[in-house]
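Okay, structure first, notes after.
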Amino acid sequence: MSKVAFITGISGQDGSYLADLLLSKGYSVHGIIRRSSSFNTARLEHHIQNPEVYNKTFFLHYGDLSDYNSIYNIFEKTNPDEVYNLGAQSHVKVSFDMPVYTGQIDGIGTLHMLEATKEHQYRLGKQIRYYQASSSEMYGKVQEVPQTENTKFYPRSPYGCAKVYGHHLTINYRESYDLHASCGILFNHESPRRGETFVTRKITRAIGRIYQGLQKNLVLGNMDALRDWGYAGDYVEAMWLMLQQDTPDDYVVATGNMISVREFCEKAFSYAGLKNYEQYVVTDERYFRPAEVDQLLGNPEKAKRQLGWKPKVDIDGLVRMMVDHDMELARKEFMIKHMTPTKQHNHSKYEIHHS
Ligand code: NAP
Ligand code: GDD
């Protein structure tokens, strides 16, 4: 019998990579999607379009972390062995604009997931393993460098505060109800599937579009912030490894290296062949945060030692992967923008229209 996994946040960056990983390991994968007025499953299209997988080993259910009933029903329908709680309002800047909502989803939503896990574990008499997406944002104004599992938290945003609540709740459920519940304290991780409003992807998307003449400038906020950036594909492996351990625990997942937003720009623009990134980048107060996390640097020694995990993609590999992807995406965007249906040909044919 294949194992059954239930993923919240499956339509997001990490959820989509985790679904790829678990399907490749023979799992049946169930995920929550939210009802929206337009499609929100672009990162899952390769599974949705695959008749060997869709509704055979890969299933999507409507639900929302704010709606306990929908969560409970999905547990009942799917009877999961492993639960990965990745769903969140995950944008730090947006959490200042929507603090209550962020608390409801990232904090109380986590409580809904833990309650449903506890209820089903008791009801079914089988162990359910639970993963909580904790965040390096919990360290906020960092109290030591590098940060380990024992570093004191000092969150600097409503998002960070909600994640601290979810983190401590998960530990509390582990200790109170003997749940196999683990927290991954993941440092920033990126990929070609990263949301376009997070800084790395915003930069690589802009590079492709500037190169194609589709935009002139890149408008950023604080370019001095330092982050420990890794590759999302590597980080979902760490999530899975945590749930394969005999004992649940908490782990920092990071590369152990950090660079600034400015240095990321330098690397990415120069890899794309656009010298002097400064001529394209402007800063605007609009993208600064009421309170900033100046630096994050993780120490992943425990994950390396206990899980046997290590990152495969370094910062230069990550930059290359993202820039290559977004150069190609912008090239396609350029083609579509400059193509007009031709009168001479069949209307389904297009030609480049240089004006
Ligand atoms: P993401 O791309 O923003 O994806 C977030 C996911 O959560 C999406 O599938 C989103 O659905 C879903 N979601 C949002 N609100 C929801 C709600 N009310 N009910 C149910 N689902 C909801 O984020 P990510 O980068 O994959 O991150 C995954 C998790 O790891 C998040 O919890 C994030 O906070 C945490 N984390 C991320 C990083 C990182 O660097 N990426 C680092 C540490 C921790 P829609 O597609 O419908 O919006
Ligand atoms: N988003 C964004 N947009 N950030 C900018 C910009 C901009 O135009 N300009 C500068 N920055 C700076 C931010 O101020 C921050 O210091 C840094 O770039 C990284 O911002 P994000 O990419 O938005 O990521 P984050 O570090 O705030 O949060 C991400 O990582 C956390 C883990 O540390 C998110 O994925 C969180 O969900 C995650 O928990």
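The values are calculated or read from the model by the stated rules, or taken from the named source; none is laboratory data. Quick caveat, the model's predicted, so the values are computed rather than measured. All Cβ positions, even for glycine, are placed from backbone atoms using ideal geometry, and neighbour counts span all protein chains on display.
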Problem - Residue match in segment 121-134 (condition: assigned to a helix (DSSP H, G or I) and of a type in the set (A, V, I, L, M)) - result: yes
Practice task
Starting from segment 188-207, keep only residues that are closer than 17 Å to E333 by Cβ and of a type outside the set (D, E, K, R), then list their pairs with residues that are part of a helix (DSSP H, G or I) and within 11 Å of ligand 1 (Cβ to nearest atom) whose Cβ atoms are within a distance under 9 Å, requiring at least 6 positions of separation or different chains.
Solution key: P192/R201
Practice task
Return yes or no: is I171 surrounded by fewer than 20 Cβ atoms within 10 Å (Cβ to Cβ) and either aliphatic (A, V, I, L, M) or over 29 Å from K310 (Cβ atoms) (or both)?
Solution key: yes
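Of all residues in segment 150-163, how many are in contact with a helix residue (DSSP H, G or I) (Cβ under 6 Å, 6 or more places away or on another chain) and surrounded by fewer than 20 Cβ atoms within 10 Å (Cβ to Cβ)?
0
Across segment 136-149, what is the number of residues that are outside any loop (DSSP other than H, G, I, E, B) and either under 14 Å from S95 (Cα atoms) or of a type in the set (K, R) (or both)?
Step one: list which residues in segment 136-149 are outside any loop (DSSP other than H, G, I, E, B), which gives 136-138, 147.
Imposing the further condition that a residue be either under 14 Å from S95 (Cα atoms) or of a type in the set (K, R) (or both) reduces the set to 137-138.
So the count comes out to 2.
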Handout entry: Any hit, segment 193-202, residues being of a type in the set (A, V, I, L, M, F, W, C), at pLDDT 95 or above, crowded, with 18+ Cβ neighbours inside 10 Å and in a loop (DSSP other than H, G, I, E, B)
Key = no
Fill in the blank from the handout: Counted residues in segment 79-117 being within 27 Å of E175 (Cα to Cα), crowded, with 19+ Cβ neighbours inside 10 Å and polar (S, T, N, Q) come to 6
Completion exercise
Of (1) within 12 Å of ligand 2 (Cβ to nearest atom); (2) more than 21 Å from Y72 (Cα to Cα); (3) not hydrophobic (A, V, I, L, M, F, W, C), E149 fails just (1)
Practice task
Give segment 150-189 a look and list any residue that's over 17 Å from the mean Cα position of the chain (by Cα), among the hydroxyl-bearing types (S, T, Y) and part of a helix (DSSP H, G or I), or say none.
Solution key: Y165, T170, Y173, S176, Y177
Completion exercise
Here the qualifying pairs (Cβ atoms under 9 Å; residues six or more apart or on different chains; first in segment 286-302 and within 17 Å of E144 (Cα to Cα); second near ligand 2 (Cβ under 6 Å from one of its atoms) and aliphatic (A, V, I, L, M)) come out as E292/A225; V293/V92; V293/A225; D294/A225; Q295/A225; L296/A225
Exercise for the section: Taking F334 as the residue in question, decide whether it is under 17 Å from F198 (Cβ atoms), out of contact with any Phe, Trp or Tyr (no Cβ under 7 Å at 6 or more places or on another chain), touching a residue at least 24 places away in the same chain (Cβ under 8 Å) and hydrophobic (A, V, I, L, M, F, W, C). Expected result: no
